[in-house]
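Asks: Structure below; questions to follow.
Bear in mind these aren't lab numbers, they're just calculated from the coordinates by the rules spelled out. Just so you know, these numbers come straight off a predicted model, no measurement behind them. Every residue, glycine among them, receives a Cβ derived from its backbone with ideal geometry; neighbour counts consider all protein chains shown.
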Protein chains: 2
Amino acid sequence: MELEARLNATQPGSVRPGGRTAKVRAAVLEATGEALADNGFHALNLDRIAAAAGVGKTTVYRRWGSAVGLVTDLLRDMAEQSLPASDTGSLEGDLRANARLVLDTLTDPRMGPLFRAVIAAAACDEECADALRGFYATRLSEWAPVAERGLARGELPAGTDPLEVVRAVSAPLYYRFAVSREPLTPDTAERAASAALAAAEAGAYVV
Amino acid sequence: MELEARLNATQPGSVRPGGRTAKVRAAVLEATGEALADNGFHALNLDRIAAAAGVGKTTVYRRWGSAVGLVTDLLRDMAEQSLPASDTGSLEGDLRANARLVLDTLTDPRMGPLFRAVIAAAACDEECADALRGFYATRLSEWAPVAERGLARGELPAGTDPLEVVRAVSAPLYYRFAVSREPLTPDTAERAASAALAAAEAGAYVV
C-alpha cells in the first residue's frame, strides 16, 4: 500500500502523499503574509486567516495554534524560498547586487510592510525573534559565498569574516528602515555597498 | 502678577509656574518607560499608567489621550535628555565612545527592552514612527560634530557627510539588535567603530 502510494505520487495528476497538506500550508501562509502586510502582527486573527485561505478553522488552530505559530512558520517558509546569490565576477558587483536586493525588498509595497510586521512581531515575542534570527542566519549564509569568492580572488585581506561583510551591506539599509525611519533610495544602497567594500578592504572585518 | 510669579520662580522652594505640570509629566513618562520595558507597546494601558504614576486618570486621558500619545511624548522627552557627545581629540576615539554608548544602551536591562518597545511601536503606528524619526534625528545631529571636528582636523576626505559617519557606527549594532537578533558584544561595538572609520577614510561617505 505504501509502495503503491509512492508509485502513484510519480504519476501526473495523482494526489501526492502530503499534497493536500502542502497546499493548505501554502494557502494559509499566503493569507498570513497578506494579513501581516495589511494590518500587522497584533491584528493577526486565526479565524480570518482560515477564511481568507479557504481552510477550516479547526485545521488552522490545530496546526498553527496561534498568531506566533503562523509568523514562525511563515519565516521558515520565507527562509526556504531563496534565490541564488549573485555571482558577477567581482566582489564589488556582488555587494552592489545584494544592496539593491535588500533595497528592492524593503521598498516593495508588499514586502516592506511584511518585513516591518515580522520585525515588530520579533520585538514582542521571543519565539518570533528566534524565527527571525533563523531567517537572517539563512539569508546571510546564502550570501557569504560572495565574500568567500572575493577572498579567494585576493580582493579582501586574509582572515576576513565573510558574514560580517554581508551584514555590513544590509545594516545601513535596515537601520533606516526599522530604526531611524529615514528614506531608502538607490543612493542609500550604493553607499551601503561601497562602505562595506571599503571597510572590508581596510581589514575591518578580519577576525 | 506675572512678574511676581517669575520672581517667585527664582526663589528656592517656591512653586514654579508649570511646576506641578512638569512633575505630572515626569511621573507619567517614567511609568510609561517602565511599562514599555516590562510589557511592550501593545500592553500599554492609560489607567495603569495613571495608577503607577499616582496621577488622576482624567489627567492622563486629557493630556496624552492614547498609548500613541504616551509613546510620542516619551520619545520627545528622551530626545531632550541628551548627554554631550564625546570629544576625545581624535575621530577614532570619539567613534569608539559612540559605539560603546549605543552598545551600553541596547544591552542595558532597562533601556534595551524600552528601545525594542519603541521600535515595535513605530512599526505599528505612523505617529510613533514620526516620533522615533525625530528622536534619532536629534541623537544623530548631537554626534555629527564628532565627524565635523574630524573633517576640520583633516582626518576625513573633504565633502564627507558627518551624519553618514555617525549612522554607520549605529547601524551594525541596531541591525543585530532589532533585525537579525544576534548577540551584541564589546567586539561588535569595536568593529562598528573601526568599520565606520575605515569606510569614512576611504571616502565612502563623500556626498
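Asks: Where a ≥ b ≥ c are the square roots of the eigenvalues of the C-alpha gyration tensor, would you call region B:112-155 rounded, which needs a/c under 1.5, or, failing that, prolate if a/b is larger than b/c, or oblate? Please report the intermediate quantities before stating the final value.
Replies: Details: a/c = 4.97, a/b = 2.83, b/c = 1.76.
Taking the square roots of the gyration eigenvalues as a ≥ b ≥ c, region B:112-155 is prolate.
Asks: What's the long-distance tail for the protein assembly as shown, i.e. % of Cα pairs beyond 35 Å?
Replies: 38
Asks: Along Cα-to-Cβ, 7 Å out, sits the label point; list in nm, shortest first, how far the one on B:Leu83 is from those in the other copies.
Replies: 4.4
Asks: If you plug each phi of region B:92-98 into the Karplus form 6.51 cos²θ - 1.76 cosθ + 1.60 with θ = phi - 60°, what whole-Hz ³J(HN,Hα) values come out, in order, with x for Gly and Pro?
Replies: For region B:92-98, the Karplus-derived couplings read 4, x, 5, 5, 5, 4, 5 Hz, x marking Gly and Pro.
Asks: If each residue's Cβ is checked for other Cβ atoms within 10 Å, how do B:Val206, A:Val55 rank with the fewest at the top? All intermediate terms of the calculation are to be shown ahead of the outcome.
Replies: Working: B:Val206 15, A:Val55 18.
Final ranking by Cβ density, sparse to dense: B:Val206, A:Val55.
Asks: Return the lysines within reach of B:Lys57: Cα separation strictly under 27 angstrom, same-chain partners fewer than 8 residues apart disregarded; answer none if there are no such residues.
Replies: B:Lys57 reaches B:Lys23.
Asks: Now, a different point. Rounded to the nearest 0.05, what FRET efficiency do B:Glu80 and A:Ala137 have when you use their Cβ-Cβ distance and R0 = 56 Å? Don't skip to the answer; put the middle values down first.
Replies: Values: r = 38 Å, r/R0 = 0.69.
Computed FRET efficiency for B:Glu80 and A:Ala137 comes out at 0.90.
Asks: Report the per residue volume, in Å³, of the convex hull enclosing the C-alpha atoms of chain A. Before the final figure, lay out each step's value.
Replies: Numbers: hull volume 34.9 nm³, N = 207.
About 169 Å³ per residue, rounded to a whole number.
Asks: For B:Asn45, which inter-copy label distances result when the label point lies 7 Å beyond Cα on the Cα-to-Cβ vector, reported in nm to one decimal and in ascending order?
Replies: Here B:Asn45 shows inter-copy label distances of 2.1 nm.
Asks: Long-range amide H contacts for A:Val206: which residues qualify at under 5 Å (H placed 1.01 Å from N, peptide plane, sequence gap of 5 or more or a different chain)?
Replies: For A:Val206, whose amide H was placed from the backbone, the distant partners under 5 Å are A:Asp161.
Asks: So what is the 222 nm mean residue ellipticity for chain B from helices alone, if each DSSP H run of at least 4 adds -39500 (n - 2.57) and you divide by all residues, rounding to the nearest 500 deg cm²/dmol? Could the numbers behind the result be given before it?
Replies: Numbers: 10 runs with 146 residues, N = 207.
Value at 222 nm, helices only, nearest 500: -23000 deg cm²/dmol.
Asks: If you put a point 7 Å past Cα along the Cβ direction, how far is that point for A:Glu142 from the same point in each other copy, in nm, smallest first?
Replies: Output for A:Glu142: 3.9 nm, nearest copy listed first.
Asks: Still on this structure: Per-residue HN-Hα couplings for region A:175-189, Karplus 6.51 cos²θ - 1.76 cosθ + 1.60 at θ = phi - 60°, whole Hz, x for Gly and Pro?
Replies: Values per residue, Gly and Pro as x: 4, 5, 5, 9, 10, 7, 6, 9, x, 10, 10, x, 4, 4, 5 Hz.
Asks: So if R0 is 30 Å, what FRET efficiency would B:Ala26 and A:Tyr61 give, r being the distance between their Cβ atoms, rounded to the nearest 0.05?
Replies: On the way: r = 46 Å, r/R0 = 1.52.
For R0 = 30 Å, the calculated efficiency reads 0.05.
Asks: Same structure again: Which whole-number percentage describes the relative contact order of chain B, with Cα contacts under 8 Å and a sequence gap of 6 or more?
Replies: Numbers: 236 pairs, mean separation 41.7, N = 207.
Value for chain B: 20 percent.
Asks: Measuring from the lowest to the highest alpha carbon on each principal axis, how far does region B:84-201 reach, largest first, in angstroms?
Replies: 43, 30, 23
Asks: Could you go through region B:190-207 in sequence order and give the Karplus-derived ³J(HN,Hα) for each residue, using 6.51 cos²θ - 1.76 cosθ + 1.60 with θ = phi - 60°, rounded to whole Hz, and x for Gly and Pro?
Replies: Per-residue couplings from phi come out as 4, 5, 4, 5, 4, 5, 4, 5, 4, 5, 5, 4, 7, x, 5, 10, 6, 10 Hz.
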